[in-house]
Every structure is written in C-alpha cells, then in structure tokens.
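For reference, the structure discussed in these notes is given below.
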Amino acid sequence: MDSVDLEARYPRLVRPHRHSWAGESRDHRLALTLDLPPDDLVVNVRLLATTGSRLVVCQTVEGWRTLPGGSRERGEDVETTARRELVEEAGCVPTGPVTWFASFTVTSTDAPWRDWHPFPVTAWLVGAVEVERVGEPTNPPDGEVVVAVHALPPAEARTYLAGFDNGGQADLVALAADLGLL
C-alpha cells in the first residue's frame, strides 16, 4: 500500500489530528505512517493481538474500548513494552514475534508526557502479534483498569472499537487487515 492509497483509505489516521486519552487532553498531533521510527523516539506501543482468527480488545472501567498497549518505561526495549502491556491490559502473552507495521508521529506543544521522553516529537509504534490468553489483566496501579477482555472476529472488533472513538483504533484494524496481518 503506497502513501496515496493510505491517505485515501485512512485519512483520519494519516492527517495530523488531536488526541486525548483517559480524560487527559494534551496538545498532541498524531499522523500515521508505514515508516518505522528510530527506536529512541518510540514512547508507546499499540498492539493488534490475535488469538487464532480473533482480535483481542479491552474495555476499561470507564467504558473505553481499546487495543492493548501503552507507554514504554524508562530503559525498556519495545519488545519488553509489548509483552508487559499485553499482560497488564489483556492477560495475554505473545506466542511469536511482533510484526511492527506502522507508527504515529506525535508532535506536542505541551511538556513531554514523562520527563525522559524526547520532545517535541515522539513516536507510537503499532504492531501485530499472535497471543495466548493466560489469565486476567494485571491492572497495575498506574495504568488503565481493564474490566473485560474480548476476542472478536476482526470485523466485529472494528465495530466494537468504532463505538468508542478512541483515536482511530477501528481504522488500525482495517489497515492491518488490508496489509494481510489479520
């Protein structure tokens, strides 16, 4: 898929747009690209985790619907971030490698989210990975409180995610399908 097709099919992801999460509105501008960023810019991962032909989606206590993922910790490599976030938010572990296929370039005029993050440009990495459900989400005290984890067919997952507009994650599902990752 070239950049023209990406822009035509997923304008909401590609065009810079504001992002807010968890009741926190920050002046972030996100723009999706299929180019992978340098490792030192990656501060967040989002995962399209599959178990067989189903996609793992989470629901938080506030009713947010999301794909598992979250912030990279200081000194953590992205693979460790992916594994940790899968356990914390979905009670899952990877059964194979993550296929990193896209990223959001994030430009902010606010202060960095964490003091060690690069500023004003960071990246949020997007990957696909096969997983196994091993338990309940661990819900650490500094993260979202996930109250339900669903394994849905991709089309149903897309509809479920679209019911809560959370930064285009439904479109990420469609993009991953278009790229042959689901």
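Among the residues of the range 143-171, those that are exposed (fewer than 15 other Cβ atoms within 10 Å of the Cβ), closer than 25 Å to V61 by Cβ and in contact with a helix residue (DSSP H, G or I) (Cβ under 9 Å, 6 or more places away or on another chain) comprise T159, G163.
Screening V87, V43, V61 for residues that are over 16 Å from the mean Cα position of the chain (by Cα) and hydrophobic (A, V, I, L, M, F, W, C) leaves exactly one candidate, V61. Every test in (1) within 16 Å of the chain's Cα centre (by Cα); (2) modelled with pLDDT of 95 or more; (3) loosely packed, with under 13 Cβ neighbours inside 10 Å is passed by P68 save one, and that test is (3). The single condition among (1) within 19 Å of P11 (Cα to Cα); (2) loosely packed, with under 15 Cβ neighbours inside 10 Å; (3) touching a Lys or Arg at 6+ places or on another chain (Cβ under 8 Å); (4) not acidic (D, E) that R114 does not satisfy is (1).
Looking at the range 126-140, can you tell me whether even one residue there is assigned to a helix (DSSP H, G or I), over 15 Å from L30 (Cβ atoms), out of contact with any Phe, Trp or Tyr (no Cβ under 6 Å at 6 or more places or on another chain) and in contact (Cβ under 8 Å) with a residue 40 or more places away in the chain?
No, the range 126-140 contains no residue that is assigned to a helix (DSSP H, G or I), over 15 Å from L30 (Cβ atoms), out of contact with any Phe, Trp or Tyr (no Cβ under 6 Å at 6 or more places or on another chain) and in contact (Cβ under 8 Å) with a residue 40 or more places away in the chain.
The single residue among E73, E62 that is outside any helix (DSSP H, G or I), under 23 Å from P120 (Cβ atoms), at pLDDT 85 or above and acidic (D, E) turns out to be E73. Quick check on T81: is it touching a strand residue (DSSP E or B) at 6+ places or on another chain (Cβ under 7 Å) and crowded, with 19+ Cβ neighbours inside 10 Å? Against the criterion (touching a strand residue (DSSP E or B) at 6+ places or on another chain (Cβ under 7 Å) and crowded, with 19+ Cβ neighbours inside 10 Å), T81 qualifies. Evaluating A170 against the criteria (1) touching a Lys or Arg at 6+ places or on another chain (Cβ under 7 Å); (2) in a strand (DSSP E or B); (3) not acidic (D, E) leaves one unmet condition, (2).
Has the range 131-142 got at least one residue that is surrounded by 13 or more Cβ atoms within 10 Å (Cβ to Cβ), closer than 16 Å to Y10 by Cα and among the aliphatic types (A, V, I, L, M)? The answer is no, given that none of the residues of the range 131-142 is surrounded by 13 or more Cβ atoms within 10 Å (Cβ to Cβ), closer than 16 Å to Y10 by Cα and among the aliphatic types (A, V, I, L, M). Restricting attention to the range 11-34 and to residues that are part of a loop (DSSP other than H, G, I, E, B) and over 16 Å from the mean Cα position of the chain (by Cα), the residue that is modelled with the lowest pLDDT turns out to be G23.
The values are calculated or read from the model by the stated rules, or taken from the named source; none is laboratory data. Quantities reported herein were computed from a predicted structural model and do not represent experimental measurements. Reconstructed Cβ throughout: ideal geometry from the backbone, glycine too, with neighbour counts over all protein chains shown.
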